[in-house]
1. Can you name every residue in region 154-165 that is touching a helix residue (DSSP H, G or I) at 6+ places or on another chain (Cβ under 9 Å) and either surrounded by fewer than 13 Cβ atoms within 10 Å (Cβ to Cβ) or not in a helix (DSSP H, G or I) (or both)?
2. Only one of (1) in contact (Cβ under 8 Å) with a residue 12 or more places away in the chain; (2) not in a helix (DSSP H, G or I); (3) not β-branched (V, I, T) fails for G91. Which number is that?
3. Considering only residues that are open to solvent by 50 Å² or more (accessible area, probe 1.4 Å) and not in a strand (DSSP E or B), look in region 54-76 and name the one that is nearest to I23 (Cα to Cα).
4. Could you grab the pairs with beta carbons closer than 6 Å, sequence gap of 6+ or different chains, first residue in region 34-45 and in contact (Cβ under 8 Å) with a residue 40 or more places away in the chain, second one of a type in the set (A, V, I, L, M, F, W, C)?
5. Which one of these is open to solvent by less than 40 Å² (accessible area, probe 1.4 Å), outside any helix (DSSP H, G or I) and not acidic (D, E): A82, A108?
6. From the list V48, V131, V83, exactly one residue is touching a residue at least 12 places away in the same chain (Cβ under 8 Å) and either of a type in the set (K, R) or closer than 30 Å to R17 by Cβ (or both). Which is it?
7. Considering only residues that are hydrophobic (A, V, I, L, M, F, W, C) and either free of Cβ contacts under 8 Å to residues at least 24 places away in the same chain or open to solvent by 30 Å² or more (accessible area, probe 1.4 Å) (or both), which ones fall in region 117-128?
8. In the list G91, G114, which residue meets the criterion of being surrounded by fewer than 13 Cβ atoms within 10 Å (Cβ to Cβ) and at positive phi?
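The values are calculated or read from the model by the stated rules, or taken from the named source; none is laboratory data. Please read all numbers here as calculations on a predicted model, not as lab measurements. Glycine also receives a Cβ, built like all others from the backbone with ideal geometry; neighbour counts cover every protein chain displayed. Areas reflect the complete protein model, heavy atoms only, side chains present, ligands, DNA and RNA absent. Shrake-Rupley method; radii C 1.70, N 1.55, O 1.52, S 1.80 Å.
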Amino acid sequence: MFGLVRMAQLVLPGMRRAGRGRIVNISSMGGRFSPPGGAFYHASKHAVEAISDSLRLEVAPFGVEVVVVQPGPTITGFGGTAVATMPDGSGPYGSFTTALADMYANKAFTRRSGAVTAEAATKVIVRAATVRRPRARYAIGAMARGTMIAKRLLPDAAFDAVMRANFPLPKAG
């Protein structure tokens with residue numbers, strides 16, 4: 001998040017002088033909802049969404065567009081990186097982190113789970129950067145689109161039930 005803010009600070013003077021430009025910020029479907037086990041990642045993506053929404057309005061008078069790309073699960077090394085940053089499987093959250101690590105390492109980022117290829121995601125990012133009249137947001141993948149629609153339409157209690165059914169949770173006692 002801090003990197004995209006700094007990059008915007010560096011490119012905006014030239015874009016304003018030119019009277020045009022486009023900033024494409026990579027967020028995540030996780031910028032619109034927060035499943036268990038990813039609070040800090042999702043907080044950073046919520047921040048990208050908020051910064052982009054404000055910036056889009058602030059720079060539009062100068063001919064500058066701001067677009068947000070929201071990938072869903074993508075077949076990359078992200079799952080392995082996420083697992084490597086998780087605490088070990090001990091303590092009160094031990095079984096939870098073990099189950100979450102297994103989900104990320106073996107299930108969540110596979111084609112069978114609905115993850116998209118990096119090439120497919122790249123095509124959407126290039127389109128967001130080059131299309132004549134960009135949308136404010138580009139969700140990548142059916143899982144991203146479906147989950148974000150569900151988050152928008154369902155009451156919190158119903159969406160929480162969806163999260164509980166699809167993610168491991170800590171167990172008390």
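1. Matches in region 154-165: L154, A158.
2. (1)
3. Restricting to residues being open to solvent by 50 Å² or more (accessible area, probe 1.4 Å) and not in a strand (DSSP E or B), the top hit is R56.
4. Partner pairs satisfying both residue conditions: P35/M163; P35/F167; P36/F167; P36/L169; G37/L100; S44/M1.
5. Details: A82 fails: outside any helix (DSSP H, G or I).
None of the others qualify; the one that does is A108.
6. Answer to the selection: V48.
7. Of everything in region 117-128, those that are hydrophobic (A, V, I, L, M, F, W, C) and either free of Cβ contacts under 8 Å to residues at least 24 places away in the same chain or open to solvent by 30 Å² or more (accessible area, probe 1.4 Å) (or both) turn out to be A118, A120, I125, V126.
8. Details: G114 fails: surrounded by fewer than 13 Cβ atoms within 10 Å (Cβ to Cβ).
Of the residues listed, the single one that is surrounded by fewer than 13 Cβ atoms within 10 Å (Cβ to Cβ) and at positive phi is G91.
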